[in-house]
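So the structure is just underneath, and the comments pick up after that.
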Amino acid sequence: MKQRIKKYLPKFILKQYYSNINKRRYSGNAVECPICHSQFKIFKSYGVVERENAECLKCGSLERHRLLWKYLNEKLNFFEGNKPIKVLHFAPERIFFNEFIKSNNINYIPCDLYPEYFNYNEQVQIEKVDITSIPYEDNSFDFILCNHVLEHIPNDKLAMTELFRVMKPGGFGILQVPLDPNLINTYEDFTIITPEAKEVAFGQHDHVRVYGLDYKQRLENVGFKVCVDDFAQTLTKESCFKYGLIESEMIYKCSKEI
Ligand SMILES: [Zn+2]
């Protein structure tokens, strides 16, 4: 039936059809996205292995984005105060990009090795930056956001060293990676080259490792002071459901001491 509908209906009618289904399925106020403030009966399921209550239907945020947003706002009061802050953001997620460019006191530099893949807002340029050779001076940034990037970088030690170098003393970064808490040591094998083999070994065709619990030590090895923050676990189960958060997700807050 679904296939037949897809085949014969024009695209815009199909869009309306699925939008009406979504309205019926998701309308409600049991969950709320802390980023775009939309409310639903439940967040959409998401992932190769589907996770329930995961994706915001309005802004597309996932559990990790919403957790980070609550952490920055509620634990770190990041957007309060009017002290100028210089921010470097790798592989800039659109939802965060949109919020950062709104803030008057944030000097925001979004960047990626392939800026052409991002087409968000012509007024704010995405800079071309190789994370293993960052083209900025030492001690430049108050805050660095780098989510789910390091697992793509063969020489992650060099990338971490560069992130540490450009961070201001007293500054900090959030450097999230997919991490298997059952692995004591990070699994990497540079003889695995093809995308198919990487997908089998590391879970995604362009990942080069699976981080384990030694991720903290790897960050400390380049000089960071690392706080593995269990912020999600300090929230109630009801809050975790309401905001669609994964209770066991840890936040890697990496500081450069003065
Ligand atoms: Zn949202």
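Enumerate by residue number the GluC sites (Glu not before Pro) in segment 75-127 meeting two conditions: DSSP loop (anything except H, G, I, E, B), and at most 12 other Cβ atoms within 10 Å of the site's Cβ.
Details: sites: E80, E93, E99, E116, E122, E127; in loops: E80, E93, E122.
Answer in residue order: E80, E122.
Kirkwood hydrodynamic radius (Cα pairs, Å) of segment 100-258? Write down the numbers at each step before the final one.
On the way: mean 1/r = 0.0579 Å⁻¹.
Kirkwood hydrodynamic radius for segment 100-258: 17.3 Å.
Which distance in nm do the two modelled labels at V200 and S27 give, with both placed 7 Å along the Cα-to-Cβ direction?
In this crude spin-label approximation the distance works out to 4.8 nm.
Could you tell me the largest-minus-smallest coordinate of the C-alpha atoms of segment 202-254 on each of the three principal axes, in descending order and whole angstroms?
Principal-axis extents of segment 202-254 (Cα, largest first): 37, 31, 13 Å.
Every cysteine in the chain with no other Cys Cβ under 4.7 Å from its Cβ, please list them in numeric order.
So, C111, C146, C227, C240, C254.
For segment 99-192, what are the per-bin percents of Cα-Cα distances with bins 5 Å wide, up to the bin holding the maximum?
For segment 99-192, the binned pair fractions read 3, 11, 19, 23, 20, 13, 8, 4, 1, 0 percent.
Starting at the first residue of segment 193-200, write each ³J(HN,Hα) from the Karplus equation 6.51 cos²θ - 1.76 cosθ + 1.60 with θ = phi - 60°, in whole Hz, x for Gly and Pro.
3J(HN,Hα) across segment 193-200, in whole Hz: 10, 6, x, 5, 5, 5, 4, 5.
What residues of segment 156-170 lie in the reach of a label at D138, counting those whose backbone N is under 15 Å from a point 7 Å from the Cα along Cα→Cβ?
Answer for this model: 161-170.
In nm, give the distance between the simple-model label positions of L213 and D130, each being 7 Å from the Cα along the Cα-to-Cβ direction.
So the label points at L213 and D130 sit 3.6 nm apart.
Once every DSSP H run of n ≥ 4 in the chain is given -39500 (n - 2.57) and the sum is divided by its residues, what mean residue ellipticity at 222 nm do you get, rounded to the nearest 500 deg cm²/dmol? Please report the intermediate quantities before stating the final value.
On the way: 8 runs with 70 residues, N = 258.
Theoretical 222 nm ellipticity from helices: -7500 deg cm²/dmol.
With springs only between Cα atoms under 10 Å, which of R165, R209, R24 fluctuates most in a Gaussian network model of the chain?
Highest fluctuation of the listed residues: R24.
Which one, L179, T194, C240, projects farthest toward the positive side of the charge dipole computed for segment 179-253 from Cβ point charges (K/R +1, D/E -1)?
C240
Quick one: which residues, 5+ away or cross-chain, put their amide H under 5 Å from the amide H of R51? H built at 1.01 Å from N.
The answer is Y46.
Can you give the angle from 0 to 90° between the axis of helix 156-166 and the longest principal axis of the chain, with both taken from C-alpha atoms, to the nearest 10?
70 degrees
The numbers here are math on the coordinates, done by the rules we state, and not lab data. What you see is a predicted model, and the numbers here were worked out from it, not measured in a lab. Here the Cβ is made from the backbone with ideal geometry for all residues, glycine too, and neighbour counts use every protein chain on show.
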